[in-house]
Amino acid sequence: MIYKKDANFPYPVLTNTSNSYVTSQFILNVELHENVHHYRFDFSYEIDSDFINKLLQIDQAQLILVIQSKDNKFYRLSNHQRSVEISKSRISLSKRTSIQLHLQSKADVSFSDNDDLSGLYDRFRNDIIVPAHSILGFSNVVMFEGSSTKPLELFEKKIDPTLKSDIKIELTSETIVIHYRNPEYQFNSLPKSNTLNNPYVYTGLHTALQRFIANNGDEDGYVDLETVDPPSSPLELKLYHLMKKKMIESITVDNIDEVIYAISDKIIEKYTSTVRELISSGS
């Protein structure tokens, strides 16, 4: 479970609002990344208590990452572990997902040497023994309002009857603009019209990523996303962050289609499925 308020325990517990410890900081930071198949939670934490840190070092305590969404998941962490990768088939992230780090004892823990406790416990800390598998502390709660940026937020749609082609892809400083000569090309009269526009979205992404490579790649057209500086162009910066969120490590002209598959949440598969639904329904 996630502890969002102080709970009552019969022994001192390390929390960010606890009065049981002189310094009670237990801060968790989390970054969410995802690709087509997995979510990855990269995290870091700070614990002020030397006593608690020593328990972790000597394997008398362990960290447990708790993810609360449509269901609850618990992940026991090794001492130096700083990420958890989870198959999308094993977890469903809701629009509001809560994450917290718990400290749990692995053996009976005596608090007689816990010099981090407040003076309130000086007289009887020698008598405090916390049983194995008990909560020793819990961090702040990190909230996520949904998952990563959707690629469609990169796009604008405009009608231009003067076009000399059916559609035109324009790259502005901030967005990918799809110009349509005829509004009927947007399928607005049909169900799931946005999905029916996915081939245009694919073309727009392909065009934008080609320019991204041209502006940020080396002489061989290779962009190492782990080392390249974030682009100054707002549109390219959006693409950069989107690829990083989707755990893309590099991009070249040869793997653009693989990158689009990873960042676009199966837009061609969704387009195909929608067309089949419309055909079967007689629309």
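The values are calculated or read from the model by the stated rules, or taken from the named source; none is laboratory data. Keep in mind that what you see is a predicted model, and the values were worked out from it rather than measured. Don't worry about glycine lacking a Cβ; one is built from the backbone with ideal geometry, like all the others, and counts go over all protein chains shown.
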- Query: Of the residues SER232, SER280, which single one is polar (S, T, N, Q), more than 27 Å from TYR39 (Cα to Cα) and more than 24 Å from the chain's Cα centre (by Cα)?
  - Reply: SER280
- Task: Can you run down the residue pairs with Cβ atoms below 7 Å, 6 or more apart or on separate chains, where the first is in segment 232-243 and closer than 14 Å to VAL259 by Cβ and the partner is loosely packed, with under 14 Cβ neighbours inside 10 Å?
- Result: GLU236/ASN215; TYR240/PRO230
- Query: For ASN140, which of the numbered conditions (1) surrounded by 12 or more Cβ atoms within 10 Å (Cβ to Cβ); (2) assigned by TED's automatic domain parsing to the domain that holds LYS266; (3) in a loop (DSSP other than H, G, I, E, B) fails to hold?
  - Reply: (2)
- May I ask you to list pairs of residues, at least six apart or on different chains, whose Cβ atoms are under 7 Å apart, with the first in segment 54-69 being under 18 Å from ALA132 (Cα atoms) and the second being small (Gly, Ala, Ser) and assigned to a strand (DSSP E or B)? LEU55/ALA61; GLN60/SER105; ALA61/SER105
- Query: Just a yes or no: is a residue in segment 45-57 charged (D, E, K, R) and surrounded by 18 or more Cβ atoms within 10 Å (Cβ to Cβ)?
  - Reply: no
- Message: If a residue must be modelled with pLDDT of 90 or more, assigned to a loop (DSSP other than H, G, I, E, B) and closer than 25 Å to LYS244 by Cα, how many such residues does segment 27-53 contain?
- Response: 0
- Message: Among the numbered criteria (1) more than 30 Å from ALA61 (Cα to Cα); (2) without any contact (Cβ under 8 Å) to a residue 24 or more places away in the chain; (3) part of a loop (DSSP other than H, G, I, E, B), which one does ARG123 miss?
- Response: (1)
- Can you find even one residue in segment 155-170 that is farther than 30 Å from LYS70 by Cβ, surrounded by 15 or more Cβ atoms within 10 Å (Cβ to Cβ) and aliphatic (A, V, I, L, M)? yes
- Task: Of the numbered conditions (1) at pLDDT below 90; (2) over 18 Å from the mean Cα position of the chain (by Cα), PHE9 fails exactly one; give the number of that condition.
- Result: (1)
- Query: Taking segment 84-109 as the region of interest, how many residues are surrounded by 13 or more Cβ atoms within 10 Å (Cβ to Cβ) and either assigned to a strand (DSSP E or B) or modelled with pLDDT under 90 (or both)?
  - Reply: 17
